[in-house]
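The values are calculated or read from the model by the stated rules, or taken from the named source; none is laboratory data. Fair warning: this is a prediction, and the values are worked out from it, not measured in the lab. Neighbour counts run over all protein chains shown; Cβ positions are idealised from the backbone, glycine included. Keep in mind that these areas ignore ligands, DNA and RNA; they rest on the heavy atoms of the full protein, side chains included. Shrake-Rupley method; radii C 1.70, N 1.55, O 1.52, S 1.80 Å.
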Amino acid sequence: MSAPTAPTPKPTVTEREARQVAEAAREQHWRKPSFAKELFLGRFRLDLIHPHPLPADEDVQRGEEFLAKLRDFCETQIDSARIEREARIPDEAINGLKELGAFGMKIDTKYGGLGLTQVYYNKALALAGSASPAIGALLSAHQSIGVPQPLKLFGTQEQKDIFLPRCARTDISAFLLTEPDVGSDPARLATMAVPDGDDYILDGVKLWTTNGVVADLLVVMARVPRSEGHRGGITAFVVEAASEGITVENRNAFMGLRGLENGVTRFRGVRVPARNRIGAEGAGLKIALTTLNTGRLSLPAMCVGAGKWCLKIAREWSAVREQWGKPVALHEAVGSKISFIAATTFALEAVVDLSSQMADENRNDIRIEAALAKLYGSEMACLMADELVQIRGGRGFETAESLKARGERAVPAEQMLRDLRINRIFEGSTEIMHLLIAREAVDAHLSVAGDLIDPDKSLADKARAGANAGVFYARWLPKLVAGQGQVPGAYGAFHHHVDLSPHLRFVERSARKLARSTFYGMSRWQGRMETKQGFLGRIVDIGAELFAMSAACVRAEHLRASGEHGREAYQLADAFCRQSRIRVDELFGRLWSNTDDLDRTVVKGVLSGTYAWLEEGVMDPSGEGPWIADVTPPKKPRPDVRRVIPKS
């Protein structure tokens, strides 16, 4: 092993350079149709999602058989209260999941996996996550962003033959990108992978390494310096967690997901064979983003599971708890919360199942759909859990252990709220998801008119862009004036037990309005559009609601046609759409009537200390120490807290 080297200082990059790195990593072309992309352009392509796509019979049989085994295992072998109490998943539970094949759900059968579809993988995560959110996170991090998925998409045959059988049955994997001073700005990545013959020497620190404390295999993103024969750039590697020079310096603890094996991992002169590099040098971020296109669906799948549980508890509790002579569910103030939970759970499941089936069929580009599912699912699940706590009252705030100690049912409502909160941060925070989706939503505009607002482009480039934009908008803008949403009786196929066609007409009209609003914003702010994050966030939130309404209606019609709870599905879809339409109308109003400019003024005052007097009169219980940890290697290495799971 080479002598440990001091980590290279973090790159100093401008805002523009950071954006260029992110832009280079995203998929540049649209080779397949996308329902959500068309929606943001004002085109309601119902034909892309209706009739609802269906899985093959053999996929259903294989998936249902595994779900039955997983349910039995969770009911008999998973003690959620113990995981919460001890803040760890017992070794025997992890080994039991391995024997069951749960770590190989998405891995092809030829490598020893189960070969489940995305639809059934998500159903399994929802089930396992309802037994214990920590187990859901363990399985998801291993398969959705850990070693299996990037190797499936970008790995060599040799890498697949070596690593996938291990991931399917015996080994746990983790994904390491974030650093103490690097979150969603990968241009500043400081972990280095320096070429040394047929190897790379890895040095650096990674933070919030989900599964990193117990992992056997790691996907590590590191910067390769440019040199002769090496193009350099952020690159992905498969790294053996037991390699010399790797230390898990801390197991992090959080407000929720107490069983999460998440830590801080340091690399000091770690030798990684070049054959373990995934893809080309410099392709690391593109690999990460492409992996997340479908990987993001695992998180909203577990949010669906949370919604189902919240609905079950709300139903059972509200029927027996009486106030003023009748069950609290029959009081409108509580009933509206229950209706919200039921309708939102139905819609969220519709979004996840539709997106997952489209991912399985691989005929549509679902990068925006998956991102919207993650964004919408994480936000709405938190709201549902919060409403459940409110419905439960003081018991909602009380821990399950305390409830049990005094003789009541141990309902972990407060734990659910704590566990779900991280989903608004995991795999891209809500704020980052807004920007990511907004970038994709305006891609068509930037493709034809981007040079007009690029300060680095020449006058000739701007002239050509102006001509191209003129042609594009001359064809596009007139189509935003009228459409099927203004035709009485349009979408009549959705008129059965309840008439859902008005909701689809609303979606069509709103999609055109959304596209017009986006165009107006671009015309008004041009190059400053990217700084209008409040505006862009509302644009994306409107798109998320319209997507959810579309999915809910399509799912209701699918269930009606198949004879499965059709009448009830139509009722839930109708309730959700009516609730969603109120939110959409509010968001449209806030596009132009908001406090964004005033907020910026207040923020400047806060940062300058203008309002420091407002902070007087309190104590700060925070401890001492820097806001961001120093990543310089300590003179005396810290103890390795890596937890090795004994193989059964």
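The figures follow:
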read-out: Cβ pairs under 8 Å, 6+ apart, first in region 295-316 and touching a residue at least 60 places away in the same chain (Cβ under 8 Å), second outside any helix (DSSP H, G or I) and among the small types (Gly, Ala, Ser); value: Arg296/Gly428
read-out: Single unsatisfied condition, Leu435 versus (1) open to solvent by less than 50 Å² (accessible area, probe 1.4 Å); (2) assigned to a helix (DSSP H, G or I); (3) in contact (Cβ under 8 Å) with a residue 60 or more places away in the chain; (4) of a type in the set (A, V, I, L, M); value: (1)
read-out: Cross-chain or 6+ apart pairs with Cβ under 9 Å, region 125-143 first and open to solvent by 10 Å² or more (accessible area, probe 1.4 Å), then among the basic types (Lys, Arg); value: Ala126/Lys308; Leu127/Arg71; Ser130/Lys308; Ala131/Arg71
read-out: Check on Arg268, under 27 Å from Trp627 (Cα atoms), open to solvent by 10 Å² or more (accessible area, probe 1.4 Å), under 28 Å from the mean Cα position of the chain (by Cα) and among the basic types (Lys, Arg); value: no
read-out: One residue from Glu240, Glu281 being open to solvent by less than 30 Å² (accessible area, probe 1.4 Å), of a type in the set (D, E, K, R) and either modelled with pLDDT under 95 or more than 21 Å from Pro133 (Cα to Cα) (or both); value: Glu281
read-out: Boolean, Gln143 is within 19 Å of Ala283 (Cβ to Cβ) and either part of a helix (DSSP H, G or I) or not polar (S, T, N, Q) (or both); value: no
read-out: In region 167-188, residue most open to solvent (accessible area, probe 1.4 Å) [restricted to those that are outside any strand (DSSP E or B) and among the aliphatic types (A, V, I, L, M)]; value: Leu177
read-out: In region 21-63, the residues that are among the acidic types (Asp, Glu) and either within 25 Å of Ala438 (Cβ to Cβ) or touching a residue at least 24 places away in the same chain (Cβ under 8 Å) (or both); value: Glu23, Glu27, Glu38, Asp59
read-out: Identity of the residue in region 286-325, among the aliphatic types (A, V, I, L, M) and open to solvent by 50 Å² or more (accessible area, probe 1.4 Å), that ends up modelled with the highest pLDDT; value: Leu311
read-out: Given (1) surrounded by 20 or more Cβ atoms within 10 Å (Cβ to Cβ); (2) under 30 Å from Lys635 (Cα atoms), number of the condition Arg251 does not satisfy; value: (1)
read-out: Tally of residues being in contact (Cβ under 8 Å) with a residue 40 or more places away in the chain and of a type in the set (Val, Ile, Thr) across region 157-172; value: 2
read-out: Filter result (part of a loop (DSSP other than H, G, I, E, B) and among the hydroxyl-bearing types (Ser, Thr, Tyr)) within region 20-79; value: Ser34
read-out: Residue check, Phe494 closer than 30 Å to Ser336 by Cβ, modelled with pLDDT of 95 or more and touching an Asp or Glu at 6+ places or on another chain (Cβ under 7 Å); value: yes
read-out: Residues located in region 401-432, provided they are in a helix (DSSP H, G or I), more than 28 Å from the chain's Cα centre (by Cα) and under 30 Å from Thr210 (Cα atoms); value: Glu401, Ser402
read-out: Which numbered condition Ser356 misses (of (1) more than 13 Å from the chain's Cα centre (by Cα); (2) over 20 Å from Ser34 (Cα atoms); (3) crowded, with 20+ Cβ neighbours inside 10 Å); value: (2)
read-out: Some residue of region 70-91 being in contact with a helix residue (DSSP H, G or I) (Cβ under 6 Å, 6 or more places away or on another chain), open to solvent by 20 Å² or more (accessible area, probe 1.4 Å) and at pLDDT below 95; value: no
read-out: Some residue of region 561-584 being open to solvent by 70 Å² or more (accessible area, probe 1.4 Å) and over 30 Å from the mean Cα position of the chain (by Cα); value: yes
read-out: Among (1) crowded, with 23+ Cβ neighbours inside 10 Å; (2) within 17 Å of Glu349 (Cα to Cα); (3) of a type outside the set (A, V, I, L, M, F, W, C), the one test that Pro51 misses; value: (1)
read-out: Ser339 surrounded by fewer than 19 Cβ atoms within 10 Å (Cβ to Cβ), part of a helix (DSSP H, G or I) and touching a residue at least 60 places away in the same chain (Cβ under 8 Å); value: yes
read-out: Residue in region 613-624 that is surrounded by 10 or more Cβ atoms within 10 Å (Cβ to Cβ), more than 30 Å from Asn211 (Cα to Cα) and under 33 Å from the mean Cα position of the chain (by Cα) present; value: no
read-out: Matching residues, region 438-463, being touching a residue at least 24 places away in the same chain (Cβ under 8 Å) and not in a helix (DSSP H, G or I); value: Val442, Asp454, Pro455
read-out: Filter result for Gly466 (open to solvent by less than 50 Å² (accessible area, probe 1.4 Å), within 30 Å of Leu559 (Cα to Cα) and in a helix (DSSP H, G or I)); value: no
read-out: Qualifying residue in region 100-117 (condition: of a type in the set (A, V, I, L, M), open to solvent by less than 10 Å² (accessible area, probe 1.4 Å) and part of a helix (DSSP H, G or I)); value: yes
read-out: Hits in region 189-216 (condition: without any contact (Cβ under 8 Å) to a residue 24 or more places away in the chain and surrounded by 23 or more Cβ atoms within 10 Å (Cβ to Cβ)); value: none
read-out: Meets criteria (within 30 Å of Pro33 (Cα to Cα), out of contact with any strand residue (DSSP E or B) (no Cβ under 8 Å at 6 or more places or on another chain) and open to solvent by 30 Å² or more (accessible area, probe 1.4 Å)) for Arg409; value: no
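Condition check ((1) part of a helix (DSSP H, G or I); (2) crowded, with 20+ Cβ neighbours inside 10 Å; (3) not hydroxyl-bearing (Ser, Thr, Tyr)) across all residues:
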| position | (1), (2), (3) |
| --- | --- |
| Pro478 | yes, no, yes |
| Pro488 | no, no, yes |
| Val507 | yes, yes, yes |
| Ser510 | yes, yes, no |
| Arg516 | yes, no, yes |
| Phe519 | yes, no, yes |
| Ala544 | yes, yes, yes |
| Phe547 | yes, yes, yes |
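This table checks each residue for (1) closer than 28 Å to Met105 by Cβ; (2) among the charged types (D, E, K, R).
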{"site": "Ile172", "(1), (2)": "yes, no"}
{"site": "Phe175", "(1), (2)": "yes, no"}
{"site": "Glu179", "(1), (2)": "no, yes"}
{"site": "Val205", "(1), (2)": "no, no"}
{"site": "Gly212", "(1), (2)": "yes, no"}
{"site": "Leu260", "(1), (2)": "yes, no"}
{"site": "Phe267", "(1), (2)": "no, no"}
